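Okay, so here's the structure we're looking at.
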Amino acid sequence: MRQVAKVLTLAAAFICAAAFADGNPLKLHPEIQPLLKSQQQLAEQIGFLHITADNLYQLRAKDAAKPYKPKTTSTVKLEHIPSVTQGDPDVAVYVINAKAGANKPAILYMHGGGYILGSARDSVVGMQKLAEKHDCTVVTVDYRLAPETAFPGSLHDNYTALTWLYNNAEKLGVDKNRIVIMGASAGGGHAAMLAIYARDKGEVPVKHQILIYPMLDDRTGSSQQVPEWIGKLLWTPTSNQFGWSSLLGQPAGLKRVPYGSVPARVANLNDLPPAFIIVGSIDLFIDENIEYAQRLTNAGVATELVLLPGMYHAAEHIHRETKIAQRFHDAVDAAVAGALRD
């Protein structure tokens with residue numbers, strides 16, 4: 001299977017190399033290349049080159065200092081809900097655009113941050129826009145971060161939120177049979193983990209999973225290397241090793257990991273909800289995303305994979321005004337619309 005994924009990835013890389021002129025060592029999309037000349041330029045813009053134990057808490061403090069200004073056009077309510085796992089703390093969730101008496105589809109959203117950064121609060125405004133556009137309710141989860149909380153703590157938090165959303169569907173004005181799980185980067189990894197966990201538990205049906213460049217395999221960049229131009233920008237192999245090692249409580253890439261902690265290492269992908277996966281051709285996660293889509297398809301799971309050339313991790317946010325970024329956003333938007341309404 002990995003050989004199949006490698007062939008697909010090499011084909012994508014060949015297309016990129018053929019389409020882009022010489023002198024583009026980062027293999028950036030032609031729209032982005034004039035805007036970004038080096039890895040160091042991006043590092044100066046976003047505030048880091050790699051994320052490690054040395055700068056983790058500085059970056060968290062920077063995130064925490066950002067102002068919280070939700071839109072006034074849709075409601076946001078902070079709830080603290082009891083964990084379904086004995087001994088675990090309450091879970092904070094932001095509930096967006098809920099309306100008692102309605103029968104809306106819902107999205108359970110998990111934020112990104114490499115399993116070590118980010119908060120649900122940071123995603124509120126984006127989820128308000130999504131909720132308004134698609135007339136749905138969104139619940140975004142403030143799951144516990146690693147390394148302070150190793151697996152399965154964050155998975156239990158996310159499952160608590162899913163169970164709460166399902167059990168309180170009527171009060172929230174949600175159709176309990178139209179709950180979609182969604183996340184970007186580590187949030188996409190969490191969504192994939194949660195889909196597997198919910199399937200195994202058999203208590204809450206999940207309608208669809210939307211995985212935006214999901215973080216699926218601890219071996220990427222550690223025991224399995226990538227071509228030199230992949231994973232150079234924003235999320236690097238160094239950051240990936242630190243993020244996964246923090247979550248797993250052991251070095252990334254070891255032979256054995258706890259069941260369900262690494263979606264790419266779960267052997268049985270049967271009976272999972274339909275999936276949408278999107279990733280850029282120079283994103284560190286391209287190989288693992290292509291392979292996961294292939295494995296889902298082989299397991300009989302309806303899966304859509306979108307691969308965009310010359311896009312690095314989260315490039316659609318850094319270069320929002322480009323046409324290729326708009327293609328990225330349009331693809332996600334169409335996937336959300338389909339997942340909620342089909």
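Which numbered condition trips up residue 110, out of (1) on the phi < 0 side of the Ramachandran plot; (2) out of contact with any helix residue (DSSP H, G or I) (no Cβ under 8 Å at 6 or more places or on another chain)?
(2)
Within segment 137-150, track down each residue that is crowded, with 21+ Cβ neighbours inside 10 Å and in a loop (DSSP other than H, G, I, E, B).
Residues of segment 137-150 crowded, with 21+ Cβ neighbours inside 10 Å: 137-143, 145-146.
Of everything in segment 137-150, those that are crowded, with 21+ Cβ neighbours inside 10 Å and in a loop (DSSP other than H, G, I, E, B) turn out to be 142, 143, 145, 146.
When the residues of segment 298-324 are filtered to those that are in a helix (DSSP H, G or I) and either without any contact (Cβ under 8 Å) to a residue 60 or more places away in the chain or not small (Gly, Ala, Ser) (or both), which remaining residue is surrounded by the most Cβ atoms within 10 Å (Cβ to Cβ)?
Taking segment 298-324 as the starting set, the residues that turn out to be in a helix (DSSP H, G or I) are 298, 315-318, 323-324.
Right, trim to either without any contact (Cβ under 8 Å) to a residue 60 or more places away in the chain or not small (Gly, Ala, Ser) (or both) and you get 298, 316-318, 323-324.
Numbers: 298: 13, 316: 24, 317: 13, 318: 19, 323: 10, 324: 19.
Checked segment 298-324; the qualifying residue surrounded by the most Cβ atoms within 10 Å (Cβ to Cβ) is 316.
Based on what the data block shows, is residue 253 out of contact with any Gly (no Cβ under 9 Å at 6 or more places or on another chain) and on the phi > 0 side of the Ramachandran plot? Let's see the steps before the verdict.
On the way: out of contact with any Gly (no Cβ under 9 Å at 6 or more places or on another chain): no; on the phi > 0 side of the Ramachandran plot: yes.
No.
If you go through segment 80-107, how many residues are outside any loop (DSSP other than H, G, I, E, B), in contact (Cβ under 8 Å) with a residue 40 or more places away in the chain and not hydrophobic (A, V, I, L, M, F, W, C)?
Looking only at that region, the number is 3.
Restricting the search to segment 39-86, which residues are open to solvent by less than 60 Å² (accessible area, probe 1.4 Å), out of contact with any Asp or Glu (no Cβ under 8 Å at 6 or more places or on another chain) and among the acidic types (Asp, Glu)?
79
In this structure, is residue 155 open to solvent by less than 30 Å² (accessible area, probe 1.4 Å) and assigned to a helix (DSSP H, G or I)? First the steps, then the outcome.
Working: open to solvent by less than 30 Å² (accessible area, probe 1.4 Å): yes; assigned to a helix (DSSP H, G or I): yes.
So residue 155 fits the description; yes.
Scanning for something touching a Phe, Trp or Tyr at 6+ places or on another chain (Cβ under 9 Å), farther than 21 Å from residue 57 by Cα and not aromatic (Phe, Trp, Tyr), does segment 240-250 turn up at least one residue?
Scanning segment 240-250 turns up no residue that is touching a Phe, Trp or Tyr at 6+ places or on another chain (Cβ under 9 Å), farther than 21 Å from residue 57 by Cα and not aromatic (Phe, Trp, Tyr).
Restricting segment 255-284 to residues that are part of a loop (DSSP other than H, G, I, E, B) and more than 19 Å from residue 155 (Cβ to Cβ), which is most open to solvent (accessible area, probe 1.4 Å)?
Of all residues in segment 255-284, those part of a loop (DSSP other than H, G, I, E, B) come to 255-262, 266-274, 281-284.
With more than 19 Å from residue 155 (Cβ to Cβ) added as a condition, the list becomes 255, 270, 274, 281-284.
Working: 255: 177, 270: 72, 274: 46, 281: 9, 282: 6, 283: 1, 284: 2 Å².
Across segment 255-284, the extreme among qualifying residues is 255.
Filter segment 178-229 for residues that are acidic (Asp, Glu), open to solvent by 40 Å² or more (accessible area, probe 1.4 Å) and modelled with pLDDT of 95 or more and give the result. Break it down into steps so the answer makes sense when it comes.
First, the residues of segment 178-229 that are acidic (Asp, Glu): 200, 203, 217-218, 228.
Of the ones still in play, those that are also open to solvent by 40 Å² or more (accessible area, probe 1.4 Å) are 200, 203, 228.
Selection gives 200, 203.
Kindly indicate whether any position in segment 119-136 is over 23 Å from the mean Cα position of the chain (by Cα) and either under 19 Å from residue 153 (Cα atoms) or open to solvent by 20 Å² or more (accessible area, probe 1.4 Å) (or both).
Going residue by residue through segment 119-136, those that are over 23 Å from the mean Cα position of the chain (by Cα) are none.
Within segment 119-136 (the criterion being over 23 Å from the mean Cα position of the chain (by Cα) and either under 19 Å from residue 153 (Cα atoms) or open to solvent by 20 Å² or more (accessible area, probe 1.4 Å) (or both)), the answer is no, since none of the residues qualifies.
Which condition number in (1) of a type in the set (Phe, Trp, Tyr); (2) at pLDDT below 95; (3) open to solvent by 80 Å² or more (accessible area, probe 1.4 Å) is the one that residue 20 fails?
Answer for residue 20: the failing condition is (3).
Quick test of your reading of the structure: residue 4 fulfils all but one of (1) modelled with pLDDT of 95 or more; (2) among the aliphatic types (A, V, I, L, M); (3) surrounded by 12 or more Cβ atoms within 10 Å (Cβ to Cβ). Name the failing condition by number.
(1)
The values are calculated or read from the model by the stated rules, or taken from the named source; none is laboratory data. Note that this is a predicted model, so its numbers are computed, not measured. So basically every Cβ, Gly included, is an ideal-geometry build from the backbone, and we count neighbours across all protein chains shown. Just the protein is used for accessible areas: all its heavy atoms, side chains included, with ligands, DNA and RNA removed. Shrake-Rupley method; radii C 1.70, N 1.55, O 1.52, S 1.80 Å.
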